[in-house]
């Protein structure tokens with residue numbers, strides 16, 4: 001399974017590069033990551049019902065985020081297509097949906113929250129340091145970089161996958177591996 005995790009890491013870092021440089025991500029990275037996640041999950045899941053419930057909850061969380069942003073965007077004044085051109089990219093939402101298959105619900109919400117905060121701070125720092133840096137946040141790229149780093153560390157130090165968060169819940173990516 002480490003081979004697939006390395007493939008995911010390479011894809012995530014390639015997505016980061018593309019999003020930072022071109023503000024677009026090739027579709028095949030999403031396919032590679034999704035297929036790799038499904039293969040890893042199918043070989044390591046002990047409780048299919050719990051997995052399916054977590055995926056449904058994760059997709060529900062992503063849908064809730066999307067609906068909240070859509071309401072804040074106010075589609076009455078502007079066409080819906082402008083939402084993806086000005087405020088959010090389709091790649092961001094594809095990444096979130098794909099990652100819904102990799103985490104249990106608590107870990108997914110934790111990852112998304114930390115990812116949003118770190119992406120915002122990283123973007124602000126880059127805007128300060130780099131003249132003429134884009135005003136749009138390369139969210140999928142920055143969150144891919146974060147996940148790639150987490151996954152790379154978990155390959156090098158395998159015990160990091162199941163570390164305790166505040167001794168309440170363990171951070172689980174790729175159930176059972």
* Yes or no: residue 110 surrounded by fewer than 18 Cβ atoms within 10 Å (Cβ to Cβ) and either under 17 Å from the mean Cα position of the chain (by Cα) or part of a helix (DSSP H, G or I) (or both)? -> yes
* Consider residue 11 carefully, then state whether it is part of a helix (DSSP H, G or I) and modelled with pLDDT under 95. => no
* Report, by residue number, each residue of the stretch 129-147 that is in contact with a helix residue (DSSP H, G or I) (Cβ under 6 Å, 6 or more places away or on another chain), in contact (Cβ under 8 Å) with a residue 24 or more places away in the chain and assigned to a loop (DSSP other than H, G, I, E, B). => 138
* Quick check: anything in the stretch 121-128 in contact with a strand residue (DSSP E or B) (Cβ under 8 Å, 6 or more places away or on another chain), within 26 Å of residue 149 (Cα to Cα) and part of a helix (DSSP H, G or I)? -> no
* Asked: Does residue 8 count as in contact (Cβ under 8 Å) with a residue 40 or more places away in the chain and buried (at least 19 other Cβ atoms within 10 Å of the Cβ)?
  -> yes
* Within the stretch 17-76, which residues are outside any helix (DSSP H, G or I) and under 20 Å from residue 104 (Cα atoms)? -> 45, 46, 47
* Going by the conditions given, is residue 98 assigned to a helix (DSSP H, G or I) and within 20 Å of residue 54 (Cβ to Cβ)? -> yes
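The values are calculated or read from the model by the stated rules, or taken from the named source; none is laboratory data. What you see is a predicted model; the values in this text were computed from it and never measured. A quick note on method: Cβ atoms are made from the backbone with ideal geometry, for glycine too, and the neighbour counts reach across all protein chains shown.
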